[in-house]
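Read-outs throughout are calculated quantities, based only on the coordinates presented, and are distinct from any laboratory measurement. Quantities reported herein were computed from a predicted structural model and do not represent experimental measurements. Heads up, the Cβs are rebuilt from the backbone with ideal geometry, glycines too, and the neighbour counts pull from every protein chain shown.
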Amino acid sequence: MRTTEKSGDTNIPLAERRRRHLPASAAFGWLSAGWRDLWHNPLPSLLYGLAVFLLSLAVVWFLFRLQLDYILFPALAGFMVVGPLVAIGLYRKSRDIEEGIRPSLSRMILVKAASGAQVWFTGAILCLLMLVWMRAAVIIYALFMGLRPFPGLDRIVAILFTTTEGWGMIIVGTAVGGLFAAFSFAVSTFAIPMLLAERTDAFTAMGTSISLVFRNLPVMLAWGAIVLALTVIGIATGFLGLIVIFPLLGHGTWHSYKAIR
C-alpha cells in the first residue's frame, strides 16, 4: 500500500517538504486544541480516560499479585510506548469534530482505521518494543545488583540513592531508557494517527513518523516534554489524573499530526 504527501511543489525534496518550520511554542497550541476537543461533548473522552485509569490500576494489581513488582517502573515507562495505540479512539473523536460528526463513545471504541489491520500490526510492534525495554531494565538491574533478589519497592529507593551500584544503575538505566523513549516516541507519535486517517502500511507510517519528528525537532522536543511531564503527573496522582490527562494528550496528538503532516 502507498500513501501520498501533502500537495505542493514536487520539485522540492521530500525532506524539505516534511519540514514545517514550526516554533517550539506551537506545541502549546496543540495542547490548547486538545483541551477544546476534550470539553466538546466531554463525557466520551472522560469515560475513555476512566477506562485507562482502571486499566492502569488493574495492571499494577496484576504485577503485585504475581510478585512481579520488580518490573513496575519499567512497565510504567513502557506505558508511554503503547500510549499512542491506546489513544486511537481519541484521535477518532478529534477527527469527527473536524468533520462535523457528533462524537460518541461507540465510535471511539469501534474504530475503523483507513489502513485496516495495519494499525494493529503497528500496535503489536509497539508492544514488542515495550517488552524489549522491560527485559533490558531487568538486565541492567542484574548487571549492577547481581543475582540479588529484588528487595521490594520499600527498600529499592534507599539502595538506588545510597549505594554506588544504585547510582550506576540510575545513570545507565536513565540513558538506556531515554534512548528507548526517544525511539518509541519518534516511531509512534504520528504513525497511529496516520494509519487511522490514511491508507498506508505499518512500516511506511512508522518511517514517516520518524522523518517528521526528525525534520521538526524543536517543536517535537517541546511536545515530547509536555507529554512526559503530564504523564508523570498522571502517574504520580495514583493514575487518577490520567482520567483527564490521557484524553487531553490524545486529542492534542491528533492536532500535532494535522499540523505536521
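At-a-glance table
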| quantity | calculated |
| --- | --- |
| Mean-position separation - Cα centroids, segment 60-132 and segment 140-205, in angstrom | 18 |
| Acute angle (nearest 10 degrees) that the helix 88-98 long axis makes with the longest principal axis of the chain, alpha-carbon atoms | 30 |
| Dipole magnitude of segment 22-260, debye to nearest 20 (Cβ charges: Lys/Arg +1, Asp/Glu -1, about Cα centre) | 280 |
| On Cα atoms only, tilt of 202-215 relative to the major axis of the chain in degrees | 90 |
| Length gained when the stretch ALA229-VAL157 is fully extended (0.36 nm per residue, less Cα-Cα span) | 23.8 nm |
| Long-range Cα-Cα pairs in segment 22-260 (distance over 21 Å), rounded percent | 59 |
| Mean ellipticity per residue at 222 nm, deg cm²/dmol - from DSSP H runs of n ≥ 4 across the chain, formula -39500 (n - 2.57) | -24500 deg cm²/dmol |
| Full-stretch length increase - PHE150, VAL60 - with 0.36 nm per residue and alpha-carbon distance subtracted | 30.7 nm |
| For LYS112, LYS258, LYS93, order by how many other beta-carbon atoms lie within 10 Å, fewest first | LYS112, LYS258, LYS93 |
